[in-house]
Amino acid sequence: MKLTFSSEKNATVMKICGEIDHRYAIQIRNEADKKIVTYPDKKFVIDLSEVSFMDSSGIGVIIGRYKLIKSFGGEIAISGVNSAVGKILEMSGIKKIIPLFDTVEDAVNN
Amino acid sequence: MNYSNTIKTSFISIPENESLARVICASFISQLDPTIEELTDVKTAVSEAVTNSIVHGYSSKGNGMIFMDCTIENECFTVEIKDNGKGIEDIEKAMEPMYTSCPEAERSGMGFTVMETFMDSVKVNSVVGVGTKVTMKKVIKSKLL
Ligand SMILES: Nc1ncnc2c1ncn2[C@@H]1O[C@H](COP(=O)(O)OP(=O)(O)OP(=O)(O)O)[C@@H](O)[C@H]1O
Ligand SMILES: [Mg+2]
C-alpha cells in the first residue's frame, strides 16, 4: 500500500495505491488525519482508482474520516471507484453518505 | 468429471498474514478458473475471517495460531478458518450488520455481513475461552470441469 497526497486549489487529494486491509488501515488513518487537521478548510478527496483490494477495514477507515470531517463541517468525496472496491462500497452504504465521482477532477470541482 | 483437492495451513496471528491468507486461497481456487469477481469475493471473505481471528480472537496480541483449511469438491470451494482465541459469547448478535465490540478502533461491524454477501454460505461455531471456527462455501462456476 502506498499513499500520496496532492494539493489542488480547494482540495487535498489522498491517492491510495494497492491493498486496504486491517494492516494498512491504521497507517491510512494516521496520515489522512494529519492532512485533515492541517487543512480543515479544504475538501478531502479519497482517490481509490489504484486500489486493488479492500475489505471492511477500508469501510471503517473511510467512515472514520467522514465522521471526523463532518465534525468540523468539512467536505469529503471519493473518486475512481473500480471493480475491486465497487461491490464492498455498494453493500457498505458509503454511497449514500459520501459523493462518488469518476475522476479526481470531478471530485475536486463538484 | 470428479475432482477434489485439500490444503491445510497454519500461521501466526499477525496482520502481515492477512494478505498471505488471501493469496493462498486465490491460488488454490485458480485451478477452477474463477472469474475476477469470484476471486475478489473469496479474497474479501477470507480477509474478514482472518482479520477477526487476529483482532478479536487473539486481541491483536500476535501470539496465537490461525488454522486455514481449504477444500475443493468439484466446483464447490470450502474454507475453514479457526482460532483458539477468546471466542464469541453471542454469535447471533455478532453477526448482525453494524455490530462491533470495538467501535473505538473504527471497526464498522460489517465483517460477517461481507462474508455472508460474498460467499454462498457462512457457518460460525464458537465457544467462549476455547475459540472460533468460521466455515464458508462458494460454488465457483468454473468453465474447466
Ligand atoms: N474470531 C473471533 N473471535 C472473537 N470474537 C469475534 C471473532 N470474530 C468476530 N468476533 C466478534 O464479532 C463481532 C462482529 O464481527 P465483524 O467482523 O462483523 O465486525 P468487526 O470485526 O467488529 O468490524 P469490521 O469487520 O467491519 O472491521 C466483533 O466485533 C467481535 O466482537
Ligand atoms: Mg471483522
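Inspect all residues belonging to segment B:126-145 and state whether any of them is within 10 Å of ligand 1 (Cβ to nearest atom), assigned to a loop (DSSP other than H, G, I, E, B), at the interface with chain A (Cβ under 10 Å from one of its Cβ atoms) and modelled with pLDDT of 95 or more.
Checked against the condition, which is being within 10 Å of ligand 1 (Cβ to nearest atom), assigned to a loop (DSSP other than H, G, I, E, B), at the interface with chain A (Cβ under 10 Å from one of its Cβ atoms) and modelled with pLDDT of 95 or more, segment B:126-145 yields no hits at all.
All but one of (1) of a type in the set (D, E, K, R); (2) more than 13 Å from ligand 1 (Cβ to nearest atom); (3) surrounded by fewer than 17 Cβ atoms within 10 Å (Cβ to Cβ) hold for B:K61; state the number of the condition that does not hold.
B:K61 satisfies all of (1) of a type in the set (D, E, K, R); (2) more than 13 Å from ligand 1 (Cβ to nearest atom); (3) surrounded by fewer than 17 Cβ atoms within 10 Å (Cβ to Cβ) except (2).
Every residue, every condition in (1) under 28 Å from B:V50 (Cβ atoms); (2) in contact (Cβ under 8 Å) with a residue 24 or more places away in the chain; (3) open to solvent by less than 40 Å² (accessible area, probe 1.4 Å); (4) within 14 Å of the chain's Cα centre (by Cα), yes or no:
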{"residue": "A:F5", "(1), (2), (3), (4)": "no, yes, no, yes"}
{"residue": "A:N10", "(1), (2), (3), (4)": "no, yes, no, no"}
{"residue": "A:I20", "(1), (2), (3), (4)": "yes, yes, yes, yes"}
{"residue": "A:N30", "(1), (2), (3), (4)": "yes, no, no, yes"}
{"residue": "A:V51", "(1), (2), (3), (4)": "yes, yes, yes, yes"}
{"residue": "A:M54", "(1), (2), (3), (4)": "yes, yes, yes, yes"}
{"residue": "A:I62", "(1), (2), (3), (4)": "yes, yes, yes, yes"}
{"residue": "A:G73", "(1), (2), (3), (4)": "no, no, no, no"}
{"residue": "A:A84", "(1), (2), (3), (4)": "yes, yes, yes, no"}
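Got at least one residue in segment B:36-58 being more than 11 Å from chain A (Cβ to nearest Cβ), in contact (Cβ under 8 Å) with a residue 12 or more places away in the chain and surrounded by fewer than 16 Cβ atoms within 10 Å (Cβ to Cβ)?
no
For segment A:6-110, give me every one of the helices (runs of 4 or more DSSP H) that falls completely inside it and has 1 or more residues that are under 25 Å from B:T100 (Cα atoms) and of a type in the set (D, E).
Ranges flagged: A:22-38, A:83-92.
Conditions: (1) out of contact with any Pro (no Cβ under 9 Å at 6 or more places or on another chain); (2) facing another protein chain (nearest Cβ under 10 Å); (3) under 25 Å from B:E38 (Cα atoms). B:G109 meets all but one. Number of the miss?
The failed condition is (1).
The values are calculated or read from the model by the stated rules, or taken from the named source; none is laboratory data. Note that the structure is predicted; figures quoted are calculated from it, not measured. Note: ideal-geometry Cβ built from the backbone for every residue, glycine included; neighbour counts use all protein chains shown. Remember, those area values only see protein heavy atoms, side chains included, never the ligands or the DNA or RNA. Shrake-Rupley method; radii C 1.70, N 1.55, O 1.52, S 1.80 Å.
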